[in-house]
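The values are calculated or read from the model by the stated rules, or taken from the named source; none is laboratory data. Here the structure is a predicted model, which is why all the values come from computation and not from measurement. FYI the Cβ positions are ideal-geometry reconstructions off the backbone, even for glycines, and counts take in every protein chain you see. Each accessible area value is taken on the protein alone, full model and side chains, heavy atoms only, with ligands, DNA and RNA left out. Shrake-Rupley method; radii C 1.70, N 1.55, O 1.52, S 1.80 Å.
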Amino acid sequence: NHIDYADAAIRYLRETRLVSLTGSRSNRIHIPNDKREEVKYILDHLTREPISWAKASDYTALLFDAATPTLYGDNSERLMAAISSLDPAQAASHLALLSLDSLKDLKEELTRRRVETTIEEQVNTLQLYTEFDDIEVTYSDIKKRQVLDAPLLMEWNTWRAFVMLDDGEIKGNFVFDDAGYPLVTAAGNQADIVCAYDDFDILVEVTLSKGAKQYEMEGEPVARHLGNYQKQTSKDVFCIFIAPNLHPATLSHFYLLHQYEVAYYGGKVRIIPLSLDEFQDLLKQAYRAPTKPTAQTIKSFVQSASELAQSSANETEWYRGISQLIVSWVS
């Protein structure tokens, strides 16, 4: 419970965008340099004394007042300085004509563009496989729960792994903070990661849940996400499901979904289950291979794993076959 409360407190702090992770393998947060003046202003100008109200209406009047408290960014000159640092090409004469709200909108848009540039730089680095060791150590820290917000880091690190692996368009549906680190996990109505290729797509779902709870939490939602997605495209669609350990009920559910056409899901639902250790083995095979895998290498693997479900006598035999595929999947 103490860990859960601490995680929640840190999550709320990070939601302010005033603090960020210090790195992929860190269990600390820090105040980024470009946020320090904002934080200092809060500490210097906002009281931390408790306040009492005689009536609930007095409390809600303060709580719902968008102009209270006054923050560092509620000042045109400071906003113009921040905008100029983000984009020196912005003319001061033009900025001076904008309203406070327009300046805030412009700063937010420039910050969003900077985050996109940061993510593009991450992608370019990841595709060179230079981050392989860092991805491996991050997974190790996640297993030991030595990271902040392990479910979020699991999504982000798996996104990094798939970006490293192949040449598709890999989109993580989690939210990035202003420093380019993960902030919030993917919403519940969509896959964690979408890997788009020319003639097929792969959805990636990750979880840290174990035991029977894994099937209860992930069985139906994962199938629904894939079903909704494949009903909207003419391409082949697969899903890779990754968990620290796979519960037998989860395996049996995914195995059965390969066997039948389900109208609600737009046909057969092809979900390939992998333990986290097996996925890491898959990454190691790619890292050590003289020729790196391409989109077609990955398609061959998921197709073979899916076809195994048709020829296997039961889910145990199917899962054993998937594990054997990993050994030589790159070749």
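Values computed for the structure shown
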{"read-out": "Estimated FRET transfer efficiency when R0 is 41 angstrom, pair S311-K144 (beta carbons, to 0.05)", "value": "0.60"}
{"read-out": "P(r), alpha carbons of segment 57-121 - 5 Å bins starting at zero, rounded %", "value": "3, 17, 22, 18, 13, 12, 8, 5, 2, 0"}
{"read-out": "Isotropically averaged projected area of segment 218-324, using the convex hull of Cα atoms (one quarter of hull area), nm²", "value": "6.8 nm²"}
{"read-out": "Segment 72-113-segment 182-203 distance, computed between alpha-carbon centres (Å)", "value": "33 Å"}
{"read-out": "Cα centroid of segment 241-310 to Cα centroid of segment 207-221, whole Å", "value": "17 Å"}
{"read-out": "Quotient of C-alpha Rg and 2.2 N^0.38 Å, computed over segment 58-208", "value": "1.34"}
{"read-out": "Reciprocal of mean inverse Cα separation for segment 139-211 (Kirkwood radius, Å)", "value": "12.9 Å"}
{"read-out": "Segment 5-56: equivalent-ellipsoid semi-axes (sqrt of 5 x gyration tensor eigenvalues, Cα, Å)", "value": "27, 17, 8"}
{"read-out": "Efficiency of FRET between L97 and L46 - r from beta-carbon atoms, R0 25 angstrom, step 0.05", "value": "0.25"}
{"read-out": "Y260/D87 FRET efficiency (R0 56 Å; Cβ-Cβ; nearest 0.05)", "value": "0.55"}
{"read-out": "Binned Cα-Cα distances of the chain, short to long, each 20 Å bin given as a whole percent", "value": "26, 48, 23, 2"}
{"read-out": "Charged-residue dipole, Cβ positions (Lys, Arg, Asp, Glu), the chain about Cα centre, Debye nearest 20", "value": "460 debye"}
{"read-out": "17 Å tail of the calculated P(r), segment 219-272, as % of Cα pairs", "value": "29 percent"}
{"read-out": "Whole-Å semi-axes of segment 30-96's equivalent ellipsoid (Cα gyration tensor)", "value": "32, 16, 8"}
{"read-out": "Carbon and sulfur %, accessible surface of the chain computed with the full protein complex present, 1.4 Å", "value": "51 percent"}
{"read-out": "Given charges at Cβ of Lys, Arg, Asp, Glu: segment 173-331 dipole, positive-most of Y264, F301, S209", "value": "F301"}
{"read-out": "Per DSSP, loop chymotrypsin sites (Phe, Trp or Tyr not before Pro) in segment 27-93 with at most 14 further Cβ within 10 Å", "value": "W53, F64"}
{"read-out": "Accessible heavy-atom area order of D58, D167, D178, highest first, probe of 1.4 Å", "value": "D167, D58, D178"}
